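This report concerns only the one structure given below.
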Amino acid sequence: MSSFSELEEFFNETWGGNERCLKNLSLKTNEMILNIQIFNNANGFGYGMFDMYFDDYKVFNSADIGKYSFVYFNTGNSSVCMNYEKNSTNNIFKPNDAWIGVIKEPFKGKVTYERKKRFKSQCIFIDNELISDFPLFNEINSLEPASIKTSSTNLTQKLILQDLENSHIYKGKMREIFIEAKILEMIYKSFSACDNYECCKGLNLCEHDIAAIKKAREILLKNMSNPPSIKELAKICAINEFKLKKGFKQHFNNTIYGMLQEERLKNAKELLMRNDVSVKEAASIVGYRSLAHFSKIFKEKFNVLPMEISKHKKFWIKA
């Protein structure tokens with residue numbers, strides 16, 4: 001097989017169609033193994049899970065799979081290299097990367113996979129007509145035929161991706177409903193924070209300052225258990241402390257430590273509901289050393305003690 005012709009046809013039949021559907025594609029040859037699942041909710045959103053293995057290095061001319069926007073997650077342990085025909089830059093899609101992108105015209109370029117490596121990824125598809133509702137896409141929706149913004153997959157996204165990968169525990173229409181709910185949850189959790197430059201009107205912030213504020217948030221989310229101080233964060237992001245604190249509050253409608261606490265508590269709740277961890281372990285994972293303090297602010301946030309969720313885990317999961 002010298003191209004993704006089967007994948008192209010399959011993708012266009014599912015995501016490219018107008019009917020609600022959930023379909024699977026499995027291909028196996030002496031050189032490669034492909035297992036792909038795509039869901040289209042017929043209202044502009046979709047989901048894809050890709051599991052690929054190649055016996056040797058593979059370079060494919062990318063398939064003609066139309067115009068769409070996406071949030072693409074590398075959930076495996078190997079990288080893939082993609083480049084556009086009109087842009088010589090190599091885009092390396094590394095493990096734990098999250099790509100947010102817009103394709104305005106059929107993707108033309110090359111995709112290179114590593115030999116004897118299993119490549120796993122998951123993708124949320126969004127119709128281009130809907131992205132005007134998501135300010136983040138305005139930043140990357142340039143004049144280029146395809147644009148990508150790279151970030152790292154955070155803990156909340158990982159938990160949702162884990163749920164999507166395990167959607168097979170449901171059958172028929174219930175599985176479709178579950179996948180659709182998780183797509184919407186992913187979109188909300190990924191884009192709910194104000195993420196466009198208009199949010200900082202009234203503050204004397206340049207483009208560099210706003211980029212630094214966003215970088216600060218990403219650093220905090222990646223280091224929730226041991227976050228840097230505001231002074232250290234300002235130094236890392238090359239912005240003064242005043243601009244960082246005031247700009248962060250204006251941009252995300254929350255203080256730096258307020259946002260950090262909110263994300264810590266949300267992730268702790270997710271861990272207690274979905275994983276086999278104790279309250280003490282959940283508190284430690286998200287960065288709280290005092291169990292008493294953790295329980296107090298958890299109760300203030302969710303009106304329930306973390307121990308109650310842990311004890312009644314089955315009820316919370318079913319609910």
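The values are calculated or read from the model by the stated rules, or taken from the named source; none is laboratory data. Predicted model only: the values in this text are computed from it and were never measured. Because the Cβ atoms are built from the backbone with ideal geometry, glycine has one as well, and the counts that use them run over all protein chains shown. In case anyone asks, the SASA skips ligands and DNA or RNA and just uses the protein heavy atoms, side chains included. Shrake-Rupley method; radii C 1.70, N 1.55, O 1.52, S 1.80 Å.
Numerical summary
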{"item": "Residues within the stretch 255-289 that are open to solvent by 30 Å² or more (accessible area, probe 1.4 Å), within 22 Å of residue 190 (Cα to Cα), in a helix (DSSP H, G or I) and free of Cβ contacts under 8 Å to residues at least 40 places away in the same chain, tallied", "result": "3"}
{"item": "Count - residues of the stretch 12-38 that are surrounded by 14 or more Cβ atoms within 10 Å (Cβ to Cβ) and under 24 Å from residue 115 (Cα atoms)", "result": "8"}
{"item": "Output for the stretch 155-190, where each listed residue is of a type in the set (Gly, Ala, Ser) and surrounded by 18 or more Cβ atoms within 10 Å (Cβ to Cβ)", "result": "167, 190"}
{"item": "Any hit, the stretch 109-121, residues being open to solvent by less than 20 Å² (accessible area, probe 1.4 Å) and modelled with pLDDT of 90 or more", "result": "yes"}
{"item": "Selected residue (only one of 143, 136 is of a type in the set (A, V, I, L, M), open to solvent by 50 Å² or more (accessible area, probe 1.4 Å) and at pLDDT below 85)", "result": "143"}
{"item": "Which numbered condition residue 41 fails, given (1) surrounded by fewer than 19 Cβ atoms within 10 Å (Cβ to Cβ); (2) modelled with pLDDT of 85 or more; (3) farther than 19 Å from residue 128 by Cα", "result": "(3)"}
{"item": "Residues within the stretch 237-254 that are open to solvent by 70 Å² or more (accessible area, probe 1.4 Å), within 23 Å of residue 190 (Cβ to Cβ) and in a helix (DSSP H, G or I), tallied", "result": "2"}
